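Before any comments, here is the structure.
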Amino acid sequence: MQDFWKPYGLIAVSENEQPIELKDVQITCSVLNLTSNVTTKFTYKNQHLQQVQGSFVFPLEDVAVYDFEAEVDGRKIVAKCRPRAEAKTTYDEAVASGHAAFLAEQEEHCEDVFQMSIGNIPPNGTVIIQLKYVGHLQCENTDGNGSSKSQAVFTLPSVINPRYSPADSAIKSEFEPFAKAVSMNSCTYSLSFEAILLMPEDITVVRSERDTYSVEFSTEGRKSAKVKLTSTFKPDHDLQMVIQMSGQLSSFGICEPGDPGQMGILGKDCLMAQFMPNFSEFEDIQEQRNEVYFVVDRSGSMSGSNIQHASSSLLLFLKSLPAGCRFQIIGFGSGHDCLFQEPTDYNETSLERALQYQREMTANMGGTEVLPALKTAFDSPLSGQGWYKQIVFLTDGDVSNADEVIGLVSSNVDKGRLFAIGIGEGCSTNLVSGVARAGRGMAAFIRDNAQMHGAVMKILKEALQPRASEISVKWSVTKKNASGTANPVNVISIPTKVPPVFAGRFLTMYGILPEENRFAELSGEVVLEYEILGTKYSLRIDMASVQLHQSQPDKTDVPIHRLAGKCQMTELSDKYKAESMRDPEKSKSDEAKSLRSQIEQLSCAINVLSIFTGLVGVDPVKQEIPAEAPAPPPMFCESFGRIPAPCGGGIGGFGAMPRFALFNCSSMARPAANICIPQSLSQSVVFPAAPPIPNTNGGVNFEDACVPESLSQSVVPPAAPPTRGTTGGVNFGEKKIVESPLLRLVELQNIAGFWNLVEDLAKCINMSLDSLQKSQPKTWSASCTQAVTDRIWATALVLAYLHSKLSASVDEWELVGKKAKAWLIQQASMFEKSPPTTKKLVEGLIEQAKLVVNK
């Protein structure tokens, strides 16, 4: 057995491979119009007596990284975005020539991991690195306890899990991998986080499951606040800030003026339209003729509470399926298996077989081969005309070939929708968000397993809701000429394909105005149109209601412009991945070449990092490198914990591995050959190419390449190894989760939706069977002579209990409750043909039951 190490963080390249000391991390965040503009500043001290090189690997979500600066001994260097090979050559030549230089890149196949390389750090010198990026908050409208509210979530990833690398890959690597095996010592640092919030509704609370914040409200009201992290941040989890608001979010429009000093897109005015659909009239309607696939990760990395909560979520999923649908379960690891030969009718026989699978489900399938499992789901033929495929994909996301998986989904989107759920700290946001986006579904992330049931059921609810089709956005914008005639304005719409429509979730579109048009001169509206069940609907944002985005004092940030460009790069990147999957020899594909060129040009034009570009900066002041201490190649830094890896085979086959913490300077075992750190983002088209870095006599003129200036901030977090069984497999040692009354009630429900009045049910609602039987009314109401059977009374009691005692868990039982209520209505309709009267009888019976369960 051989141990391997792979660290994350800034690591010096020296004989003893000692880390460069991370002294301080400062993070500031401005939240405005439900977008976040983040500045992260890292302060490092080179405690060594010679110049060193260092590299630092870190995770980010789906954001636009647009500013990368370094201050070396008081001199500020600002990076520019250039094609990746050119940026790497500029960096290498600068370092070899004695200049301090730095380079930022994204991992090639997994776009939620970035790397910063710093060359020629002076002895005993201080390096301050500043990173800026902009992203969207995750927003949704929620209804709870009869009140309408909303929430917006800001997440700063801190944990990177080891990524399983499949044996074969259709998309070949083009660039150097990020990590090499090194060992390192630990170091301590301080971390601060502050945020300025300006929200559209009154803030009720700012909270986190793991951290504590102080909130200071503005004197102008509760829409504005200053938030500060007051607890000591431990780098074993993602930093999250949940902003809860008292009212519901509605559609709105924002305009950000262009930067007059910039050419191309950054110099033009940019509109952002946020549409918030409302499907309340379809609350009790579900799509018919659905084929529902549950594709669940059973790899070793899912062991422990992850697989247990996945199993109980599968129970809720199975019990919540509607009558008339067909379903399939696919478990995957190193291989994959299907429960049925083909999607099967949802009936008592198939449900019992599925429940047996659910009870026996463990994380015993080895590695994480996502691609074949999803391919099987997409390739499975539909049951017939009029049927529609809905795939619910649940994973911890620890794979190195996210680009391939996203490409597969993108190339099969015409076969069905895909919804994705990512589990645990360090889950690949690139994989989960990417497949949901490419599959025109929704993504959810579970950082606390207690949230899993609700998240899975929310996703299933969205999958079963009537689908919106014929979706379009029209920019009906005009400008009056000198004679007063209103002429249409040609707005460039981003993305080119309008995203899917979901209830309570924003649909975001961007519009770039022609250079000769300014927002203040325009009138008209932006209209979202879609069709549901044959009826047309529309949402409108009047230009008169569009507000200016109040940028920071430094107006060169133009964050909305960067988001628009990032959105276009993502759209192009998804197409590129789909094309690459169709043609693995991507260099031979003219379409792939064109898409790549567009991404590269756009990335450089707006200075937003992509997988095909790098942010590179060079200090014009040359430093002397002692002849006896040549600059060695850069090395890297990682997290904590050690796990043994089998010689030659890597650890992918076992799946369960500790995760890497961004700022934790201890080390982590992993074979160098299998190391993969993720990337972030993709897309382009509307923007011109950026000017080249000055080049003299075929080389780089470092004295003119970058000019120094001044600076600002960024973030980070880990897990536990599996134990080996004596038979060569993994001994997961899983404990059974204490069964909740809700799960037991769900287990007792009949496939038709009713419950039987039995002892087990009475125990679940903390009452005796005798008292429940004695409280049973003889008829539905005083004016109705129809008898209330045991099943009818038991079902009314459970619904009363769910509403009265478990209202906080409504997301988990909502579909189960709807099925039960539909069964009661069906029973009442056998003797009462008037739907309003039937509904009144059912609600009256449930109210009687509430009197019993609330005693």
Condition broken by I285, with the remaining ones in (1) touching a Leu at 6+ places or on another chain (Cβ under 9 Å); (2) modelled with pLDDT of 95 or more; (3) more than 20 Å from A455 (Cβ to Cβ) satisfied: (2)
Flag if Q53 is polar (S, T, N, Q), modelled with pLDDT under 85 and either crowded, with 24+ Cβ neighbours inside 10 Å or not in a loop (DSSP other than H, G, I, E, B) (or both): yes
Which listed residue is within 24 Å of S190 (Cα to Cα) and either at pLDDT below 95 or among the aliphatic types (A, V, I, L, M) (or both), from M245, M241: M241
Strands (runs of 3 or more DSSP E) wholly inside the range 486-544 containing at least 2 residues that are among the polar types (S, T, N, Q): 535-542
Qualifying position, being free of Cβ contacts under 8 Å to residues at least 60 places away in the same chain and assigned by TED's automatic domain parsing to the domain that holds Q341, among S311, S305: S311
Residue among Y357, Y346 that is among the hydroxyl-bearing types (S, T, Y), in contact with a Cys (Cβ under 9 Å, 6 or more places away or on another chain) and more than 24 Å from G407 (Cα to Cα): Y346
Search result, residues across the range 749-770 that are in contact with a Pro (Cβ under 9 Å, 6 or more places away or on another chain) and surrounded by 18 or more Cβ atoms within 10 Å (Cβ to Cβ): C764, I765
The range 357-377, residues that are buried (at least 22 other Cβ atoms within 10 Å of the Cβ) and of a type in the set (V, I, T): T368, V370
Single condition G504 does not satisfy, out of (1) crowded, with 18+ Cβ neighbours inside 10 Å; (2) on the phi < 0 side of the Ramachandran plot: (2)
Residue that is surrounded by the fewest Cβ atoms within 10 Å (Cβ to Cβ), among those in the range 396-435 that are out of contact with any Ser or Thr (no Cβ under 9 Å at 6 or more places or on another chain), polar (S, T, N, Q) and over 14 Å from P59 (Cβ atoms): S411
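One line per residue, one yes/no per condition, for (1) assigned to a strand (DSSP E or B); (2) touching an Asp or Glu at 6+ places or on another chain (Cβ under 8 Å); (3) within 25 Å of I446 (Cα to Cα):
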| residue | (1), (2), (3) |
| --- | --- |
| D211 | no, no, yes |
| S214 | yes, no, yes |
| H237 | no, yes, yes |
| Q240 | yes, yes, yes |
| D284 | no, no, no |
| V296 | yes, no, yes |
Boolean, Q328 is buried (at least 18 other Cβ atoms within 10 Å of the Cβ) and within 24 Å of R447 (Cα to Cα): no
Any pair with Cβ under 8 angstrom, 6 or more apart, that starts in the range 598-615 at a residue that is of a type in the set (D, E, K, R) and ends at one that is not in a helix (DSSP H, G or I): E600/P83; E600/S610; E600/F612; E600/T613; E600/S684
Among the residues listed as P166, P200, the single one being modelled with pLDDT of 90 or more and assigned to a loop (DSSP other than H, G, I, E, B): P200
L339, sole failed condition from (1) modelled with pLDDT under 95; (2) in contact with a Gly (Cβ under 9 Å, 6 or more places away or on another chain): (1)
Odd one out for F317, checked against (1) crowded, with 20+ Cβ neighbours inside 10 Å; (2) not basic (K, R); (3) not in a helix (DSSP H, G or I): (3)
Yes/no for G119 being out of contact with any Phe, Trp or Tyr (no Cβ under 6 Å at 6 or more places or on another chain) and surrounded by fewer than 22 Cβ atoms within 10 Å (Cβ to Cβ): no
Every pair of residues 6+ apart whose Cβ atoms lie under 7 Å, when the first sits in the range 436-447 and is buried (at least 24 other Cβ atoms within 10 Å of the Cβ) while the second is part of a strand (DSSP E or B) and among the basic types (K, R): G439/R417; G441/R417
Answer residue from the range 577-595, given it is part of a helix (DSSP H, G or I), at pLDDT below 85 and among the small types (G, A, S) and is surrounded by the fewest Cβ atoms within 10 Å (Cβ to Cβ) among those: S587
Hits in the range 314-336 (condition: touching a Gly at 6+ places or on another chain (Cβ under 6 Å) and either in the same structural domain as E814 (by TED's automatic domain parsing) or within 13 Å of F294 (Cα to Cα) (or both)): none
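The values are calculated or read from the model by the stated rules, or taken from the named source; none is laboratory data. Quantities reported herein were computed from a predicted structural model and do not represent experimental measurements. Virtual Cβ from ideal backbone geometry, glycine too; neighbours counted across all protein chains shown.
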